[in-house]
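Colleague: Supplied in structure tokens, the structure appears directly below.
The values are calculated or read from the model by the stated rules, or taken from the named source; none is laboratory data. Being a predicted model, the structure only gives us computed values, none of them experimental. Cβ sites come from the backbone with ideal geometry, for glycine too, and all protein chains shown count toward neighbours.
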Amino acid sequence: MSKETPVLEAKGLGIQFGGLKAVNDFSISIGKSELVGLIGPNGAGKTTVFNLLTGVYQPTEGTYYLNGEKMNGKQSHQVVAAGIARTFQNIRLFKKMTVLENVKIAFNKSMKYSLASAFLRLPSYWKEENEIDRKARELLALFKLEDLADQAAENLPYGQQRKLEIARALATDMKVLLLDEPAAGMNPTETAELLESINLIRDKYHISILLIEHDMSLVMNICERIVVLNYGEILATGTPEEISQNPKVIAAYLGDD
């Protein structure tokens, strides 16, 4: 029986800025519906890895694949279209647009009606618009945001803005979701709700997730595997229990307390 192709795979990925190697020999393999954590000290290269995997930076070394398709050389919009979506440390919503509009705009790549249909408001246009509206509201309901659909995104509390950002990423019909410090700035209640939301979308949509997070309680509770990055290189890989007991990881990141 042949081994199942990883959803996301990186082999020896690296990037050099001038004489500095920001990331070196980064390799990872993530299966369907798997949730993997990427942790490490500030400046370890975690966000640079995300930028490599989403086409923001082009690797100077190595290759990476989505469902076996080589992604090197693709621009960010092509990476999103292929099935890799991300959130950012700093929330990036269309603040003046409504909650519903923020999600609907992410369905753009799946729209099939012609420009003429849109201009003339033909039945084909309205049929697709209504379907997109239905799907967007379904995503909002998943995150308990349906009652806020007509509010401006900027008026949402911080935790709900995070949820909206994830809902919008889901609307791109991605296969892999990269979450960059989603719990940053959240209180314990919001963090608990976020953990519940992440588990829900993985189980419901069978999405693979790579998570950068400094909240070790969240990481240890939600991740099946953890990769530890230090000075741009992988220091350790293992289960949460293995990572929490790894002397190298404790010395470099988790501390001796």
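Colleague: For region 170-201, how many residues meet the condition of being within 20 Å of A10 (Cβ to Cβ) and assigned to a helix (DSSP H, G or I)?
Modeller: 0
Colleague: Now, a different point. If you take the residues of region 1-56 that are assigned to a strand (DSSP E or B), among the polar types (S, T, N, Q) and surrounded by fewer than 17 Cβ atoms within 10 Å (Cβ to Cβ), which of them is modelled with the lowest pLDDT?
Modeller: The residue in question is Q16.
Colleague: Name the pairs: first residue in region 141-155 and of a type in the set (S, T, N, Q), second residue part of a helix (DSSP H, G or I), Cβ to Cβ under 7 Å, at least 6 apart or on different chains?
Modeller: Q151/V99
Colleague: Something else about it: Out of curiosity, is N108 at pLDDT 95 or above, at negative phi and out of contact with any helix residue (DSSP H, G or I) (no Cβ under 6 Å at 6 or more places or on another chain)? Can you show your working first?
Modeller: On the way: at pLDDT 95 or above: no; at negative phi: yes; out of contact with any helix residue (DSSP H, G or I) (no Cβ under 6 Å at 6 or more places or on another chain): yes.
For N108, the condition - at pLDDT 95 or above, at negative phi and out of contact with any helix residue (DSSP H, G or I) (no Cβ under 6 Å at 6 or more places or on another chain) - is not met.
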